[in-house]
Amino acid sequence: MRLVIQRVSQASVQVDGEIAGQIGRGLLVLAGVSDQDTKADVDKLVQKIIKLRIFEDENGKTNLSLKEVDGGLLIVSQFTLYADCRKGNRPSFTGAGSPALAKQLYEYMIEQCSKEVERVAHGIFGADMKVQLTNDGPFTIILEN
C-alpha cells in the first residue's frame, strides 16, 4: 500500500459536481493499493496515520498527532500512485491492485480510521473525482508498507 499524506487546513472531494467528502484541519490521504496488500497492512498504516506527530504545538514544533488537534481525515483512493514511467512516457499501472481488492481494502481503511478519528470523509471508489485542498506547510509525507 502506498499513501500520500498531506497536512491540510481544508480539503474536499467532488464527484459529478457534488461534494462527496470534506474536512477542515486534518489530513488528506491519497491511498493506492497493490495486489500484495492485506488488512494487516492497512491496520499498520492506519495506526501510523493517526499517530504521526506532524501538527504544530504551542511552540511551533511538529509534535502533535491528528487526535491531539481533533483533526479530520479525507481518504481518497488513487491507483495512479502505482504508476510506473520507467519505460517510455505512458505510465503503466500493472503494479496497482485489482479493483476488487483495492475497493475492499479502501473501504476497510475508511472503517478502521472511523474507529480512531471522529471526522472521516472519503471519496467514491472508482469515480472521477476533483480534489481541492489547502496544503498546510506545505507538509507532505509518503508512507509505504
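The values are calculated or read from the model by the stated rules, or taken from the named source; none is laboratory data. Worth saying up front: this structure is predicted, and the values here are computed from it rather than measured. Using ideal geometry, Cβ is built from the backbone for each residue, glycine included, and neighbour counts are taken over all protein chains shown.
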Inset, instruction - Would you confirm whether any residue within region 56-76 is touching a His at 6+ places or on another chain (Cβ under 6 Å), outside any loop (DSSP other than H, G, I, E, B) and either over 21 Å from PHE125 (Cβ atoms) or not charged (D, E, K, R) (or both)? - result: yes
Legend entry - Yes/no for LEU52 being touching a helix residue (DSSP H, G or I) at 6+ places or on another chain (Cβ under 8 Å), at negative phi and either surrounded by 13 or more Cβ atoms within 10 Å (Cβ to Cβ) or free of Cβ contacts under 8 Å to residues at least 24 places away in the same chain (or both): no
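Yes or no, residue by residue, for (1) among the β-branched types (Val, Ile, Thr); (2) farther than 25 Å from ILE19 by Cβ; (3) part of a loop (DSSP other than H, G, I, E, B); (4) within 13 Å of the chain's Cα centre (by Cα):
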{"site": "ASP37", "(1), (2), (3), (4)": "no, yes, yes, no"}
{"site": "CYS113", "(1), (2), (3), (4)": "no, no, no, yes"}
{"site": "THR140", "(1), (2), (3), (4)": "yes, no, no, yes"}
{"site": "LEU143", "(1), (2), (3), (4)": "no, yes, no, yes"}
Inset, instruction - Report whether or not ILE75 is surrounded by fewer than 21 Cβ atoms within 10 Å (Cβ to Cβ) and in contact with a Cys (Cβ under 9 Å, 6 or more places away or on another chain). - result: no
Inset, instruction - Being touching a helix residue (DSSP H, G or I) at 6+ places or on another chain (Cβ under 6 Å) and charged (D, E, K, R) is the filter here, so list the residues in region 101-135 that pass it. - result: GLU116
Inset, instruction - Only residues that are small (Gly, Ala, Ser) and either touching a Lys or Arg at 6+ places or on another chain (Cβ under 9 Å) or crowded, with 17+ Cβ neighbours inside 10 Å (or both): list them for region 100-145, please. - result: ALA102, ALA121, GLY123, GLY126, GLY137
Legend entry - Selection count where residues are free of Cβ contacts under 8 Å to residues at least 40 places away in the same chain, at negative phi and not acidic (Asp, Glu), scope region 63-100: 15
Inset, instruction - Test ALA40 against the criterion of being surrounded by fewer than 14 Cβ atoms within 10 Å (Cβ to Cβ), of a type in the set (A, V, I, L, M, F, W, C) and at pLDDT 95 or above, and give yes or no. - result: yes
